[in-house]
Amino acid sequence: MGVTGTLIASVLSQRLTARVQVEQFARQQQVAEAQWLREQRVAELDRRREGYMNVNAALRRYRTHLLNFLWTVHKDAVTEEAREVVEEARRDHHSVMAEAQMVASAGVLAELNDMTRTLSETYRRIMCLQEGRPDPDGSFDEIRTDFARIWDQWERLLGAMRADLGVADVAGVADGPAELAPGP
């Protein structure tokens with residue numbers, strides 16, 4: 001009986017040790033998986049943050065160059081260089097938007113698409129004005145007032161991007177559309 005008890009105790013001890021090791025391994029796997037998921041979320045957040053920063057910079061650049069070009073058209077001083085500056089900002093905007101569309105949330109993507117449509121329409125109207133065939137509502141002053149609407153859209157887009165990144169809302173994005181003043 002004593003020998004049998006000793007043998008059974010060693011077998012039970014091995015089984016208990018094996019079970020504890022399996023449970024420890026399972027917990028380590030869960031911890032590792034949770035850590036991997038956290039790292040993936042952080043990496044995704046970093047990709048979105050960088051994409052949104054690039055979008056913001058490209059939008060500012062494009063909007064500024066578009067407004068400057070409108071003033072150049074108004075002054076009847078369009079040069080090939082002025083047109084190329086707008087085209088370069090436009091290409092950069094399209095490139096950055098294409099990248100952002102791959103990482104943006106649905107809400108941000110909707111705002112991005114609205115902003116892109118508005119900027120494209122504004123670009124078209126400015127080019128029609130420059131070519132001497134403006135839309136019925138495509139005068140310099142009417143197009144210039146569109147930039148206030150673009151500013152409002154930009155603020156909504158910034159709000160959507162900030163919300164998507166989990167950034168607390170702050171009062172006002174900027175002082176307002178001060179860039180409606182005459183360009184260079």
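The values are calculated or read from the model by the stated rules, or taken from the named source; none is laboratory data. The model shown is predicted, which means the values in this text are computed figures rather than measured ones. Cβ coordinates were reconstructed from backbone atoms using ideal geometry, including for glycine residues, and neighbour counts include every protein chain displayed. All accessible areas refer to the heavy atoms of the entire protein, side chains included, with ligands and DNA or RNA removed. Shrake-Rupley method; radii C 1.70, N 1.55, O 1.52, S 1.80 Å.
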For the range 41-51, what are the residues that are open to solvent by 60 Å² or more (accessible area, probe 1.4 Å) and not charged (D, E, K, R)? V42
Search the range 42-55 for residues that are part of a helix (DSSP H, G or I) and pair each with any residue that is of a type in the set (D, E, K, R) and open to solvent by 50 Å² or more (accessible area, probe 1.4 Å) when their beta-carbon atoms are under 9 Å apart and the residues are at least 6 apart or on different chains. G51/E99; Y52/R162; N54/E99; V55/E99
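Please state which one of L112, L45 is under 23 Å from A148 (Cβ atoms) and hydrophobic (A, V, I, L, M, F, W, C).
Values: L45 fails: under 23 Å from A148 (Cβ atoms).
Residue meeting the stated conditions: L112.
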Identify the single condition in (1) part of a helix (DSSP H, G or I); (2) touching a helix residue (DSSP H, G or I) at 6+ places or on another chain (Cβ under 9 Å); (3) without any contact (Cβ under 8 Å) to a residue 60 or more places away in the chain that V78 does not satisfy, given that it satisfies every other one. (1)
Can you give me the number of residues within the range 1-40 that are open to solvent by 90 Å² or more (accessible area, probe 1.4 Å) and either under 30 Å from V103 (Cα atoms) or in contact (Cβ under 8 Å) with a residue 60 or more places away in the chain (or both)? 7
Pairs please, first residue from the range 124-151 and farther than 17 Å from R61 by Cα, second anywhere and open to solvent by 40 Å² or more (accessible area, probe 1.4 Å), Cβ atoms under 7 Å, 6+ apart in sequence or on different chains. C128/P134; Q130/V78; F140/H74
Please work out if R124 is over 23 Å from the mean Cα position of the chain (by Cα), at pLDDT 95 or above and open to solvent by 80 Å² or more (accessible area, probe 1.4 Å). yes
Among the residues of the range 130-149, is there at least one that is open to solvent by 60 Å² or more (accessible area, probe 1.4 Å) and either closer than 29 Å to E44 by Cα or of a type in the set (A, V, I, L, M, F, W, C) (or both)? no
Which numbered condition D169 misses (of (1) assigned to a helix (DSSP H, G or I); (2) touching a Gly at 6+ places or on another chain (Cβ under 9 Å); (3) at pLDDT below 95; (4) of a type in the set (D, E, K, R)): (1)
So for the range 83-93 (the condition being in a helix (DSSP H, G or I), farther than 30 Å from A160 by Cα and in contact (Cβ under 8 Å) with a residue 12 or more places away in the chain), does at least one residue qualify? yes
